[in-house]
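Take a look at the structure set out below.
The values are calculated or read from the model by the stated rules, or taken from the named source; none is laboratory data. None of these values were measured; they are calculated from a predicted model. As a convention, Cβ positions derive from the backbone with ideal geometry for all residues, glycine included, and neighbour counts pool all protein chains shown. Calculation scope for accessible area: heavy atoms of the full protein, side chains included, ligands and nucleic acids excluded. Shrake-Rupley method; radii C 1.70, N 1.55, O 1.52, S 1.80 Å.
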Number of protein chains: 2
Amino acid sequence: MSLTVVGSVAFDALETPFGKRDRVLGGAATHFGLSASFFTKVNAVGVVGGDFGDAEWDVFKRHFINIDDIQVVPDGMTFFWSGRYDYDMNTAHTLDTQLNVFETFQPKLSENSKSAKLLFLANILPMLQKQVREQCPSAEFVAMDTMNFWISSMKEAVIDTIRVCDCIIINDAEARQLTDEPNIHRAARKIMDYGLRALVIKRGEYGATLFTNDGYFAVPAYPLESVFDPTGAGDTFAGGFMGYLASHDKITDDVLRRAMIYGSVMASFNVEKFGTERIDALDYPEINERFRAFKRMTHFDEIPFERATSA
Amino acid sequence: MSLTVVGSVAFDALETPFGKRDRVLGGAATHFGLSASFFTKVNAVGVVGGDFGDAEWDVFKRHFINIDDIQVVPDGMTFFWSGRYDYDMNTAHTLDTQLNVFETFQPKLSENSKSAKLLFLANILPMLQKQVREQCPSAEFVAMDTMNFWISSMKEAVIDTIRVCDCIIINDAEARQLTDEPNIHRAARKIMDYGLRALVIKRGEYGATLFTNDGYFAVPAYPLESVFDPTGAGDTFAGGFMGYLASHDKITDDVLRRAMIYGSVMASFNVEKFGTERIDALDYPEINERFRAFKRMTHFDEIPFERATSA
């Protein structure tokens with residue numbers, strides 16, 4: 001099945017305890033698209049400025065991502081974000097945000113992008129997410145991201161958008177904030193009640209959990225002794241998750257579970273190097289080897305306890 | 001195999017958002033012993049005062065826990081702890097601690113307790129843990145707990161004790177504090193290097209992880225919409241873990257993995273009611289039903305990704 005992503009394409013400046021980059025390719029649609037491209041054909045919808053060069057386009061082209069719907073504003077500048085991570089790599093400290101051409105981004109979807117069976121609405125203004133969703137009536141599985149900023153400033157708009165989606169992929173602080181519920185399982189039930197088919201809660205170093213009407217599935221994070229650069233990990237997760245779903249004709253509970261693993265696999269690679277460096281150079285044997293590692297990390301034999309009669 | 005636990009027996013006063021109890025049976029050896037008693041025969045080593053009554057002894061007796069090594073100081077009072085939990089049930093706020101007879105606790109192990117193949121050293125003074133361990137030369141698998149107070153005030157003594165044990169069961173903040181390592185996987189490697197066979201890191205609502213020389217195993221927490229009273233959850237986990245190990249002749253990696261699940265199963269029951277109420281009334285079908293629930297929460301089919309040639 002085809003997959004369309006709508007979101008930011010950006011340049012990032014990054015500083016972590018392990019090094020520094022002044023300008024690397026970033027943005028939600030970029031991280032998502034690269035990750036998903038290993039599993040399916042991706043249409044990316046976004047906007048860039050005249051500073052977006054051949055080196056950047058080549059990354060998309062290498063992964064056969066359809067860039068027809070990435071608008072170019074020749075006299076504008078691409079969205080720029082600068083951030084720093086300390087040893088606690090869970091929190092990004094924003095140093096600078098220049099929205100540039102992204103500030104007035106109006107997604108324009110070609111017929112090809114509109115006809116995708118799967119759609120991912122990366123973190124943009126909730127009303128814009130909803131408009132895009134409504135332009136894609138044939139989409140069978142629509143997932144969205146959001147962020148604390150929208151939840152605190154326009155919670156109703158976020159909820160309105162959730163109501164027209166099938167799945168939301170957010171972190172646990174966002175889930176709590178959205179529902180005013182400290183208990184994550186109660187928060188999850190409230191969010192599912194907006195009419196979702198699936199809810200993915202990302203928990204950073206603790207992994208991710210999937211809630212569906214049928215049940216609950218938990219994946220640990222891949223054990224990494226060094227997280228090099230966490231930027232884009234969430235979008236890379238979403239790309240692996242949605243890309244894997246798109247490689248199937250039918251989205252069953254079993255497929256959703258494996259999609260959680262492939263999302264976790266891709267996110268675990270993403271944080272090993274700066275920006276898109278690691279995913280850009282990834283291959284299928286590496287992906288499947290790490291998938292098998294997740295199986296080893298979580299497998300146990302289902303042998304019920306029977307007390308020995310002599311005990 | 002036989003199992004001995006050395007630790008506190010106490011009365012607790014508890015206050016949570018869900019209710020309040022002025023005096024319930026508590027203590028590490030109590031929670032551990034009750035939990036382990038579902039899997040094996042347990043010898044409890046501890047001390048109580050003259051205020052410890054028939055109702056309390058009956059709880060031990062009902063679960064066939066050997067209480068011969070619980071000393072009674074008739075003119076003393078039992079260890080008393082009073083605590084409060086707010087809606088964030090992860091942190092206990094201590095209101096009152098009266099060590100009473102526990103202050104001068106000198107564990108006295110009978111030949112029966114000394115000859116156990118498995119030994120659990122609950123959270124007491126590290127030097128005392130080490131002395132007990134040295135009294136049990138035939139113990140084949142010795143696990144210990146500790147706490148932030150000992151790590152900050154006598155880290156070397158804690159490490160000396162770890163060096164004579166096979167396993168330590170601690171929470172992630174303690175693992176970080178013990179090693180001055182923010183990354184939990186690096187912290188784990190440092191702790192394993194003290195010569196352990198297994199390291200269990202408890203992560204509260206995020207579950208628990210097992211590190212061995214062979215690998216890494218992660219278990220999520222059981223999804224609970226209400227944590228009623230978390231007191232004793234860690235010791236209840238340890239009791240399920242060690243009790244399950246004791247029900248096997250040989251402790252393999254597979255057995256350790258299932259022990260992690262049974263530990264998590266028992267801890268998840270413990271928090272559903274005050275004190276020992278829930279575990280005291282538990283039965284085997286409930287235990288095995290929840291064990292199977294852990295399987296459902298974590299299982300996925302190991303199907304590597306193969307890109308369709310037409311994609």
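Scanning the stretch A:247-265 for residues that are touching a residue at least 24 places away in the same chain (Cβ under 8 Å), surrounded by 24 or more Cβ atoms within 10 Å (Cβ to Cβ) and in contact with a Leu (Cβ under 8 Å, 6 or more places away or on another chain) turns up just one, A:Met260. Within the stretch B:136-153, the residues that satisfy the criterion of being of a type outside the set (A, V, I, L, M), in a loop (DSSP other than H, G, I, E, B) and buried (at least 16 other Cβ atoms within 10 Å of the Cβ) are B:Cys136, B:Asp145, B:Thr146. The single condition among (1) crowded, with 22+ Cβ neighbours inside 10 Å; (2) out of contact with any Phe, Trp or Tyr (no Cβ under 6 Å at 6 or more places or on another chain); (3) touching a residue at least 60 places away in the same chain (Cβ under 8 Å); (4) among the aliphatic types (A, V, I, L, M) that B:Met242 does not meet is (2). Within the stretch A:107-123, does at least one residue satisfy the condition of being more than 18 Å from the chain's Cα centre (by Cα), of a type in the set (Ser, Thr, Tyr) and loosely packed, with under 13 Cβ neighbours inside 10 Å? No, there is no match, as no residue in the stretch A:107-123 is more than 18 Å from the chain's Cα centre (by Cα), of a type in the set (Ser, Thr, Tyr) and loosely packed, with under 13 Cβ neighbours inside 10 Å.
Of all residues in the stretch A:1-13, those satisfying the criterion of being more than 18 Å from A:Gly76 (Cβ to Cβ) and in a strand (DSSP E or B) are A:Leu3, A:Thr4, A:Val5, A:Val6, A:Ala13. Just one of the numbered conditions (1) open to solvent by less than 10 Å² (accessible area, probe 1.4 Å); (2) over 26 Å from B:Lys117 (Cβ atoms) is not true of B:Asp180: (1). Among residues of the stretch A:65-87 that are within 14 Å of chain B (Cβ to nearest Cβ), those with a Cβ under 8 angstrom from a residue that is of a type in the set (S, T, N, Q) and crowded, with 17+ Cβ neighbours inside 10 Å, sequence gap 6+ or separate chain, pair up as A:Ile65/A:Ser37; A:Ile65/A:Asn43; A:Asn66/A:Asn43; A:Asn66/A:Ser113; A:Tyr85/A:Thr16. Kindly check whether there is at least one residue in the stretch A:208-221 that is touching a Cys at 6+ places or on another chain (Cβ under 9 Å) and either under 28 Å from A:Asp12 (Cα atoms) or of a type in the set (Gly, Ala, Ser) (or both). Scanning the stretch A:208-221, I find no residue that is touching a Cys at 6+ places or on another chain (Cβ under 9 Å) and either under 28 Å from A:Asp12 (Cα atoms) or of a type in the set (Gly, Ala, Ser) (or both), so the answer is no. Got at least one residue in the stretch B:192-199 being within 25 Å of B:Arg290 (Cα to Cα) and under 14 Å from the mean Cα position of the chain (by Cα)? Taking every residue of the stretch B:192-199 in turn, at least one turns out to be within 25 Å of B:Arg290 (Cα to Cα) and under 14 Å from the mean Cα position of the chain (by Cα). Applying the set (1) away from chain B (no Cβ under 14 Å); (2) closer than 21 Å to A:Gly240 by Cα; (3) open to solvent by 40 Å² or more (accessible area, probe 1.4 Å) to A:His93 leaves exactly one unmet item: (2).
Scanning the stretch B:32-62 for residues that are open to solvent by 20 Å² or more (accessible area, probe 1.4 Å) and in contact with a Phe, Trp or Tyr (Cβ under 8 Å, 6 or more places away or on another chain) turns up B:Lys41, B:Asp51. For the stretch A:1-31, give me each residue that is aromatic (Phe, Trp, Tyr), farther than 30 Å from A:Leu118 by Cα and surrounded by 20 or more Cβ atoms within 10 Å (Cβ to Cβ). Residues satisfying the conditions do not exist here.
How many residues does the stretch B:154-195 hold that are part of a loop (DSSP other than H, G, I, E, B), touching a Phe, Trp or Tyr at 6+ places or on another chain (Cβ under 9 Å) and more than 13 Å from chain A (Cβ to nearest Cβ)?
Just the residues of the stretch B:154-195 that are part of a loop (DSSP other than H, G, I, E, B), to begin with: B:154, B:163-166, B:180-183, B:193-195.
Cutting the leftovers down to touching a Phe, Trp or Tyr at 6+ places or on another chain (Cβ under 9 Å) gives us B:163, B:165-166, B:182-183.
Restricting the remaining residues to those that are more than 13 Å from chain A (Cβ to nearest Cβ) gives B:163, B:165-166.
Total satisfying the criteria: 3.
On the given criteria, is B:Ile287 of a type in the set (Val, Ile, Thr) and within 20 Å of A:Phe300 (Cα to Cα)? The answer is yes for B:Ile287. Selection of first residues in the stretch B:34-58 that are more than 12 Å from chain A (Cβ to nearest Cβ) and farther than 19 Å from B:Val132 by Cα and of second residues that are of a type in the set (Ser, Thr, Tyr) and open to solvent by less than 30 Å² (accessible area, probe 1.4 Å), restricted to Cβ pairs under 8 Å at least 6 apart or on distinct chains, gives the following pairs, ordered by first then second residue: B:Leu34/B:Thr236; B:Leu34/B:Thr276; B:Ser35/B:Thr236; B:Gly49/B:Thr78; B:Asp51/B:Thr78; B:Phe52/B:Thr78.
Annotation note: Cβ proximity below 8 Å between a residue of the stretch A:272-295 that is over 18 Å from A:Pro230 (Cα atoms) and a residue that is basic (Lys, Arg) and surrounded by fewer than 16 Cβ atoms within 10 Å (Cβ to Cβ) (sequence gap 6+ or interchain) occurs for A:Tyr284/B:Arg307.
Condition test on B:Thr179, is it of a type in the set (Ser, Thr, Tyr) and in contact with a strand residue (DSSP E or B) (Cβ under 8 Å, 6 or more places away or on another chain)? So that I can check it myself, show each step before the final result.
Details: of a type in the set (Ser, Thr, Tyr): yes; in contact with a strand residue (DSSP E or B) (Cβ under 8 Å, 6 or more places away or on another chain): no.
So B:Thr179 fails the test.
Within the stretch B:154-177, the set of residues being open to solvent by 20 Å² or more (accessible area, probe 1.4 Å) and either basic (Lys, Arg) or in contact (Cβ under 8 Å) with a residue 60 or more places away in the chain (or both) comprises B:Lys155, B:Arg163, B:Asn171, B:Arg176.
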